[in-house]
Amino acid sequence: MSYSELNKLGWSNLFFQQLSYDEICDENICNLVYRISEIHRSRIVGRGLAGEQSIICGSEYQPISQHLAVGDWVLAELANEHYRITKIFTPKNRVRRISNGLPQVIAANLDYLWIVTSANEEFNVKRLERYISLAYEFDITPIVVLTKLDLCDDIEQFTSQIKHLDVPNVHALSSNQPSSLGVLQAYLYEGSSIALVGSSGVGKSTLINALFHTRQATKEVRESDDHGKHTTTHRQLFFTDGDVAVIDTPGMRELQLYNAEQGIERTFSSIIELVTECKYSDCTHSNEPGCAVQAAIAEGLISEAHFANYLKLLKEEESQQRRTVGAHAVKEHYRAYFKKIHSDNKEKW
Ligand SMILES: Nc1nc2c(ncn2[C@@H]2O[C@H](COP(=O)(O)OP(=O)(O)OP(=O)(O)O)[C@@H](O)[C@H]2O)c(=O)[nH]1
Ligand SMILES: [Zn+2]
């Protein structure tokens, strides 16, 4: 048993470097390192070298949802026959959202965000752009997965609408045709971590079950909580036989943008580049003379819908921030933000 065995669970040098000298010298320490797979009100379940372990969260880590999420790595100590968290490793990335006005972490240490959509009336470019912005904001590689290819006569009508998107790959497949799933093998290497997002009914669970021959992702677990009541919880992170961590939590399914300016910029980079060419630095790109964005729309270089969604996402982001930090701070923030885009772009040219 050693650290290299932990790599199968997604461990890397990033976490090893966070161990102190004394911890590294302790031969037993790698047996006390866990990756969080389930989160409950007062305890968590982690996966370590010896399998799953129930771990207690002390008051310093409460409320749990603000401190750690499935996918996080923790160090635990054994005291009085209980495992207790002593350290949370700084993650590679963390997906956050707002819940009741408070930031909440819902998943950590992800490599890929599979953005699942189906090749039918559910398909919505704006929704895809929103998810792609999120992925970039949290520093996760977005991959678009178009399901239900078997029910679609003309896949080109969908793929042609997303050619402009800044994603490494778009895959079209059918979960009921195993041969079509081979394209996803590239992401299923030992130690990789994948989360799925997408609307209800697009086929996320079906895809997981078809790929991994499991029903774990949809299986509901009944368990007794601290008060003896029965609660129904999802198993939130599971490892496949090939040692891929799959995260499929309800929280991921309800994501909204939060502090996602950089992700939006990356997703809409073609628009951001145009903004600097507008005649006026405070151009709102609606009806000003000399607006480069409107000119590009008129020439068909960018679609009106793409631009409208950019504005919509920015607005959503703005209202989220207003709720958390107050209107005045947001106004100041955006004034500085647009000024910065303008001057950054000017420097580039
Ligand atoms: N024909 C066809 N049907 C599919 C495919 N993928 C999923 N389905 C069907 O679509 C329906 C919804 O699939 P789910 O896997 O439950 O969708 P989901 O995204 O997990 O939905 P939620 O759990 O509500 O978020 C089911 O009836 C599946 O059998 C596919 O590739 N082809
Ligand atoms: Zn303009």
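So is Glu81 within 19 Å of Gly191 (Cβ to Cβ), open to solvent by 60 Å² or more (accessible area, probe 1.4 Å) and without any contact (Cβ under 8 Å) to a residue 24 or more places away in the chain or not? Talk me through it step by step, then tell me what you get.
Values: within 19 Å of Gly191 (Cβ to Cβ): no; open to solvent by 60 Å² or more (accessible area, probe 1.4 Å): yes; without any contact (Cβ under 8 Å) to a residue 24 or more places away in the chain: yes.
No; evaluated as a whole, the condition is false for this residue.
Do we find a residue being within 16 Å of ligand 1 (Cβ to nearest atom), out of contact with any Ser or Thr (no Cβ under 9 Å at 6 or more places or on another chain) and farther than 30 Å from Leu9 by Cβ anywhere in the range 162-172?
No: zero hits.
What number of residues within the range 42-66 are surrounded by 15 or more Cβ atoms within 10 Å (Cβ to Cβ) and not in a strand (DSSP E or B)?
The total comes to 5.
Output the number of the condition that Val197 fails; it satisfies all remaining conditions of (1) within 11 Å of ligand 1 (Cβ to nearest atom); (2) β-branched (Val, Ile, Thr); (3) open to solvent by 50 Å² or more (accessible area, probe 1.4 Å).
(3)
Going through the range 299-323 one residue at a time, which ones are open to solvent by 70 Å² or more (accessible area, probe 1.4 Å) and part of a helix (DSSP H, G or I)? Lay out the reasoning, then the answer.
Start the filter on the range 299-323 by keeping residues that are open to solvent by 70 Å² or more (accessible area, probe 1.4 Å), which leaves 299, 301, 304, 311-312, 315, 322-323.
Glu304, Leu311, Lys312, Lys315, Arg322, Arg323, listed by residue number.
Just checking, does the range 301-318 include any residue being among the hydrophobic types (A, V, I, L, M, F, W, C) and near ligand 2 (Cβ under 9 Å from one of its atoms)?
no
Output yes when any residue across the range 21-29 is within 22 Å of the chain's Cα centre (by Cα) and assigned by TED's automatic domain parsing to the domain that holds Ala79, and no when none is. Walk me through it before giving the result.
Narrowing the range 21-29 to residues within 22 Å of the chain's Cα centre (by Cα): none.
Within the range 21-29, not a single residue is within 22 Å of the chain's Cα centre (by Cα) and assigned by TED's automatic domain parsing to the domain that holds Ala79.
The values are calculated or read from the model by the stated rules, or taken from the named source; none is laboratory data. Here the structure is a predicted model, which means the values were calculated and not measured. Note: ideal-geometry Cβ built from the backbone for every residue, glycine included; neighbour counts use all protein chains shown. Calculation scope for accessible area: heavy atoms of the full protein, side chains included, ligands and nucleic acids excluded. Shrake-Rupley method; radii C 1.70, N 1.55, O 1.52, S 1.80 Å.
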